[in-house]
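Accompanying notes for the structure given below.
The values are calculated or read from the model by the stated rules, or taken from the named source; none is laboratory data. Keep in mind the model is a prediction, meaning the values are calculated, not measured. Neighbour counts are summed over all protein chains in view; Cβ atoms, including those assigned to glycine, are modelled from backbone coordinates with ideal geometry. Accessible surface areas use protein heavy atoms only, side chains included; no ligands, DNA or RNA. Shrake-Rupley method; radii C 1.70, N 1.55, O 1.52, S 1.80 Å.
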Amino acid sequence: MTPHVNANGASADKTADRPRRVLCPYCGSIQAGRERCEHCKGLFEPLSRQATQNAMGPWQIRNEKNPFRPGCSFDTIRDMVKRGRITEHTIIRGPTTRQFWAFARDVPGVAAQLGQCHACHERVGHDDYTCRNCGVVLTPPMDRQSLGLGPVQLLPGQASPEAIASASMNQTEEKAPRDRPASPIAAATATPAPQPAERATPASTNQLRRLRARAGRLKTFLTVSLIANGLLLAVAAAIVILSDSPIVLFDPADNAATPSEVLPEATPAPAGPAATLDAESPDSTPAPAADASESPDAAALPEAWRGDFERAMELRREQTIDSLAQSVAILEDMLTELEPTQSDARTLIERTLDATRRELERLELREML
């Protein structure tokens, strides 16, 4: 069939006058717009394409309004968590779920950004590598080319039964990584296994960690003290060797020498009430010097934390090892639960916690010596 040609020689086919349809590179919809997508509102200019390309990754968020949007990077996931766009019940998938859909609270790597472990759901930090309660790895793979898919396995009907059995045995012999479950469906739906009765609770784990840190500080202090004492003995020995006449502190053969001549005279106790108090309690230990944070201003704390803070201060004023340890534990728990934006309250608690730890170390060293 020959197309109709007018007098000027041009084709009169009406299809040539139709507007050109444009395919959106972001969501795949076809439209007449040439500058912005009518569905996903994405711009078609080169800079927007490159920005979208930079933000792409193997993570996807289920969205029925825009089901064909490309996957995003983990940095985008982290930013959306900070802005509240992703919550515990948001449905996502990625490398740590083997590309199966799962709730955000159960997704390794994403749950940590929400402040909880994906395995035991205990509280964790955003930058923690492993969970302090169950030991599972919290950091996801950061390779933008990795989808985290499982290995390809033969299915019944695709090969002989012998080949399928051999391939299955080879797969089971491979060691599964610790930070990724063997079955993505079980990882998304399974509940945490019951813990044995003898397993330490989070509270006892935190107490053990504090005792280890305290033992490390005591060990460092004793090491420095031994080194300093050794240096003092070396200096004293050098003075004795280099001096012309030996230094004799006390000669038992000299009848005229008495301990009173060698040792300095004891200063008589002053008269008055202070002398009476010292005579009544000669073994009493002087109270520690008042620290700058002895009576800190609790007005910088939120109303909900003032009761715990006052309780920690009352325990600190008792000046015993148990009371100071309880005060340190209360202050550490408050410090971990404060928001990063509460800078004044965080500074007050950190200063008070350092002073309380120093007092606790002094009492422990005094008891050891």
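In plain terms, the C-alpha convex hull of the range 312-369 casts an average shadow of 3.7 nm² when viewed from every direction.
Applying the Karplus relation 6.51 cos²θ - 1.76 cosθ + 1.60 with θ = phi - 60° to the range 132-137 yields 3J(HN,Hα) values of 6, 8, 10, x, 6, 6 Hz, where x marks Gly and Pro. Annotation: amide H of Thr130 within the under-5 Å range of Leu138, sequence separation 5 or more or interchain, hydrogens built in the peptide plane. On full extension, the segment bounded by Ile164 and Lys82 gains 24.9 nm, given 0.36 nm per residue less the C-alpha separation. Gain on full extension, evaluated as 0.36 nm per residue between Arg317 and Ala215 minus their Cα-Cα distance, stands at 34.4 nm. Here the peptides 21-29, 305-313 are ranked by packing, the mean other Cβ count within 10 Å, and the order with the highest first is 305-313, 21-29. With Cα atoms as the point set, the radius of gyration and Dmax of the range 43-145 evaluate to 14.2, 49 Å. Close amide H partners of Ser29, meaning residues 5 or more places away or on another chain with modelled amide H under 5 Å apart, are Cys24.
Counting only protein heavy atoms and using a 1.4 Å probe, what share of the accessible area of the range 85-153 belongs to carbon plus sulfur, as a whole percent?
Using a 1.4 Å probe with all protein chains present, the range 85-153 comes out at 50 percent carbon and sulfur.
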